[in-house]
Amino acid sequence: MINKSAVEMAEALNKGEITSVELTKAHLKQISEVDGQVHAFLHVDTQGALEQASQVDAKRSAGEKLPALAGVPLALKDVLVQKGIPTTCGSKMLEGWRPPYDSTVVRKLKENGIVILGKTNMDEFAMGSSTENSAYGPSRNPWDLTRIPGGSGGGSSASLASFQAPLAIGTDTGGSIRQPAAVTGTVGVKPTYGGVSRYGLVAFSSSLDQAGPCARTVLDAAYLHEAIAGHDPLDSTSINAPVPAVVAAAKNGNVKGMKIGVIKELQGDGYQAGVLKLFNESLEILASLGAEIVEVSCKYFDYALAAYYLIAPSECSSNLARFDAMRYGIRNGQGSAEEVMNATRQIGFGREVKRRIILGTYALSSGYYDAYYGSAQKVRTLISRDFESAFKLADVLVSPTAPTTAFKIGEKSNDPIAMYLNDIATIPTNLAGIGGMSLPSGLAAEDGLPAGFQIMAPAMKDDLMYKVGAALEAELNTKWQGPILNSAPKLGAK
Amino acid sequence: MALKFEDVIAKYEPALGLEVHVELGTASKMFCGCNTVFGAAANTQTCPVCLGLPGALPVVNGKAIEYTIAIGLALNCSIAPYSRFARKNYFYPDMPKNFQTSQYDEPICTNGYLDITIDTDEGSKDFRIEIERVHMEEDTGKSLHMGGATGRIHGADYSLLDYNRAGIPLVEIVTKVVYGCGKYAPEVARAYVSELRDILRGLGVSDVKMEQGSLRCDANVSLRPIGSEKLGTRSETKNVNSLKSVERAIRSEMIRHAELLNSNQRVIQETRHFHEDTGLTTSGRSKEQAEDYRYFPEPDLVPIAPSKELIAKIAATLPEKPSVRRKKLQEAWQVPDKEMAAMINADVLDLVEATVKLGADPTRARSWWLGEIARIANEKAVAAADLAISAADVAEVIALIVKGELTDKLARQVVEALINGEGSVAKIIETRGIKVVSDDSSLMAAIERAIAAAPDVAEKVRGGNIPASGALIGAVMKDSKGQADAAKVRDLLLKHLGQG
């Protein structure tokens, strides 16, 4: 059962073939057997998950009408607060902190009867592309345990690829949902900014952060998307408009007559040959399904990475100021408040977080603000305009999700720029606030590792990504004779 | 020997800049739903948002924006069709997020003015104080420094943090540089804060209690030699907790600056703390090296874009300006300028008005609030409005005097008892046994006793020596423990002795 899709599990629950408690136990068993190797979870809430599952079972046996995913388990990225459950954000700073409130995403998961198995590993405060920046050690890619599962949401993607959970929640500031999905052969969606509430999402970069669904199929992602999306009065940047009909779109995959724009700037140099080959094969499939493939140019995308690495660190330098040992989290040192703050931040934050706080503090300093933060905001506007123009020529835009397949753990740890380049194709959507999806495009010829195909849609037209994604996924699954994860090596109990 | 103020203004011209912080009287905080009651137990009015817990997000209090627009309109400001919040970044333990959500380069109200009048030996003088901006921000929590002798952070053993105040909506009203007040600078500053307070009170946007910190004034002062173009170095005085202190603090700073300048020393750009007891300021934080607050637009909030309709609606509901209202009251009550100024200075105008509205005669109402009650307030060093006596109480007392049921002297006892919290007027009269003795028979008996005790005096009165009756009246009053109406005693006595 754990190898099935979330929708199949939900059907089995509805038919009474299995209970949520049994389904949850099966996943807890898988966690206990394989997570020693994968390290997807930072905290497994066995008791809470089973309690939640039995509540859903009780409701179901009482004949209550339940939401679509009721009783299906899920893995939650450790950056979203859940009342009473340790939330560390992959940082030593928050070790032992149990939040006194639920994030809106968690509230909605609970309302939908989705069983939360535990909290997944991530790069510290979501800063990274490999989970190597987690204070609790890296997660490993189930396709090859010597490789990274992507980041920052590598724990969530790894949990899906190792069948420890059929659904997961990620957050995406510059690609942290989509790049992990790409390198683990799973599906990840960053909704339009404001589509899912950020209330209770521990902020890295407020104007870029967006929570979204991670799954093994496009339809599963769509169901989870609908469960967590919608206007939230507690988040001022939340969009007050109906949620796009993503489930309906995922059920009716179709690209006939659609114009699909290939972004010229997101291919070529720096992209692995096998990744590009798979991307082009997917394009051929879409063309064969009746889509018109057009090339578009977004010339300011060349500056996206630079703009991102000014805006995100600037916001993070302010967002992370609150970690000062005064109210929660660890405390180190003694003496004056200032001394304690200083000593705590010295040991509480890891190297990458400190690097970005310093970068951002510098970029916002008086005398540098206009040159750095100000210019970056202008680039941001230009990138949005690039997208606007491109969407006049195409219904959706596509690119490889990440330039390469999963790299080895340790390979890029000492080269931040090489690490940052992983997100070159995903960052523009965050800067423009639009939606992006990654789904598997196949296994690269060079290394036999999964690669991702990215679909981007205009703001609040998230359904278009699902429509295209579902059509492509169906064809690819036929070609592969089943989901790509069937080819993943089997992880067994040691 | 401190320099004399006259010597300061003979040589230097002061420039002022006043920053007034006002806590808005909204029921909930600026960015969350927490209560804003003053004096609640520490940390009981907090939530994830105002504690800055990881993941929590702000949502703007719409009422606070409406209040701020009302303030801007009352101060003749332009209301920005689009303004934003910004983050002011600095570390301090009582600031939960280590940034203050404030407004920076895009404030909601700009370019206004406030006209004030001061009463001087040369007659009344008008000044226009130009307002640079009115913007919104959130208040910080409070640090209580424990174990030290001074209650200040220096020398304390540890500190306690109370976040009840964190996130309370604040409005900051900043003047442009105020020139040309000369020797009247301290009074002009006081009159400005006083007028501003009346406006804010009239708008109902704040309880404007300086002593509780819901209205706080930072006074920037600098001096330059008369005739010089270049502004001098300024100091910023904080902890100015009353109108009187505004005036005193500025006067004291002007003298301090002049002494430094006269002895060729330089004025340091710094914050100063005003001390009520000494009337002097002491050095606070140096501002020589401008702190870099790394302002940037608050990404968790959307811009504020009030509609023209909303602004028009608020403008339509603005109350009468205090200056207009005062003029009307003065005419209605037929009060001379001096008396009017006295009521404003004692801050009893609202109370007098309320008392008059309840039927009291304006002259009586004014003399009670400015006389006995002001005296007691002064003794207790509190505002008359904070005493346990209301306009209704005073109106009731006055009514009893008019009816002859209380004498002025008895009324003073009642007022004192009211202030001591002894209950209602009726209850006080009952429990204290206060009543005017007007029963003629008991008075007559007392008069007989007085005459019997001093027959020679009575004889003098019978013989036409009216002034001699004073001794007998005094004896009767003493006999009645002061409760008799002296005028009535006199009438009865004289009649009895054939002189009525």
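The values are calculated or read from the model by the stated rules, or taken from the named source; none is laboratory data. Worth saying up front: this structure is predicted, and the values here are computed from it rather than measured. A quick note on method: Cβ atoms are made from the backbone with ideal geometry, for glycine too, and the neighbour counts reach across all protein chains shown.
Key figures
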| item | result |
| --- | --- |
| Residue in segment A:88-95 that is assigned to a loop (DSSP other than H, G, I, E, B), more than 14 Å from chain B (Cβ to nearest Cβ), out of contact with any Leu (no Cβ under 7 Å at 6 or more places or on another chain) and surrounded by 24 or more Cβ atoms within 10 Å (Cβ to Cβ) present | no |
| Leading residue by the ranking (nearest to A:Arg331 (Cα to Cα)) among those in segment A:345-382 that are β-branched (Val, Ile, Thr) and away from chain B (no Cβ under 13 Å) | A:Ile347 |
| Residue list for segment B:359-375, restricted to those being touching a Lys or Arg at 6+ places or on another chain (Cβ under 8 Å) and either more than 13 Å from B:Ile389 (Cβ to Cβ) or not assigned by TED's automatic domain parsing to the domain that holds B:Lys328 (or both) | none |
| Test: residue in segment B:108-116 that is away from chain A (no Cβ under 14 Å), surrounded by fewer than 24 Cβ atoms within 10 Å (Cβ to Cβ) and closer than 18 Å to B:Leu53 by Cα | no |
| Residue, farthest from the other protein chains (Cβ to nearest Cβ), within segment A:328-344, restricted to residues that are touching a residue at least 60 places away in the same chain (Cβ under 8 Å) and not aromatic (Phe, Trp, Tyr) | A:Ile330 |
| Residues of segment A:198-215 classified as more than 7 Å from chain B (Cβ to nearest Cβ) and not in a loop (DSSP other than H, G, I, E, B), total | 5 |
| Residue match in segment B:267-282 (condition: surrounded by fewer than 18 Cβ atoms within 10 Å (Cβ to Cβ), in a helix (DSSP H, G or I) and out of contact with any Leu (no Cβ under 8 Å at 6 or more places or on another chain)) | no |
| Residue under evaluation A:Met326, criteria (1) among the aliphatic types (A, V, I, L, M); (2) assigned to a helix (DSSP H, G or I); (3) at pLDDT below 95, criterion not met | (2) |
| Answer residue from segment A:298-327, given it is away from chain B (no Cβ under 12 Å) and of a type in the set (Phe, Trp, Tyr) and is nearest to A:Met341 (Cα to Cα) among those | A:Tyr309 |
| Residues that are under 24 Å from A:Ile357 (Cβ atoms) and within 13 Å of chain B (Cβ to nearest Cβ), drawn from segment A:158-197 | A:Thr171, A:Thr173, A:Tyr193 |
| First in segment B:283-294 and without any contact (Cβ under 8 Å) to a residue 60 or more places away in the chain and more than 10 Å from chain A (Cβ to nearest Cβ), second anywhere and surrounded by 15 or more Cβ atoms within 10 Å (Cβ to Cβ) and assigned to a loop (DSSP other than H, G, I, E, B), Cβ under 6 Å, 6 or more apart | B:Lys287/B:Gln269; B:Glu288/B:Gln269 |
| Conditions (1) hydroxyl-bearing (Ser, Thr, Tyr); (2) more than 26 Å from B:Ser28 (Cβ to Cβ); (3) modelled with pLDDT of 95 or more: number failed by B:Ser206 | (2) |
| Which numbered condition B:Leu406 fails, given (1) surrounded by 20 or more Cβ atoms within 10 Å (Cβ to Cβ); (2) part of a helix (DSSP H, G or I) | (2) |
| Single condition A:Val115 does not satisfy, out of (1) out of contact with any helix residue (DSSP H, G or I) (no Cβ under 8 Å at 6 or more places or on another chain); (2) more than 13 Å from every other protein chain (Cβ to nearest Cβ) | (1) |
| Condition met for B:Ser143 (at pLDDT below 95, under 26 Å from the mean Cα position of the chain (by Cα) and either outside any strand (DSSP E or B) or within 12 Å of another protein chain (Cβ to nearest Cβ) (or both)) | yes |
| Residue in segment B:369-377 that is at pLDDT below 90, small (Gly, Ala, Ser) and buried (at least 18 other Cβ atoms within 10 Å of the Cβ) present | yes |
| Some residue of segment B:23-43 being in contact with a Cys (Cβ under 6 Å, 6 or more places away or on another chain) and within 13 Å of chain A (Cβ to nearest Cβ) | yes |
| Those residues of segment A:216-239 which are within 14 Å of chain B (Cβ to nearest Cβ) and over 23 Å from A:Ala321 (Cβ atoms), in sequence order | A:His231, A:Asp232, A:Pro233, A:Ser238, A:Ile239 |
| Residue match in segment B:409-419 (condition: in a loop (DSSP other than H, G, I, E, B), assigned by TED's automatic domain parsing to the domain that holds B:Ala374 and either β-branched (Val, Ile, Thr) or over 28 Å from B:Arg364 (Cα atoms) (or both)) | no |
| Residue tally, condition acidic (Asp, Glu) and crowded, with 17+ Cβ neighbours inside 10 Å, over segment A:249-295 | 1 |
| Pair list, Cβ < 6 Å and 6+ apart or interchain, from segment B:314-342 residues that are closer than 22 Å to B:Thr120 by Cβ to residues that are not in a helix (DSSP H, G or I) | B:Ala341/B:Asp119 |
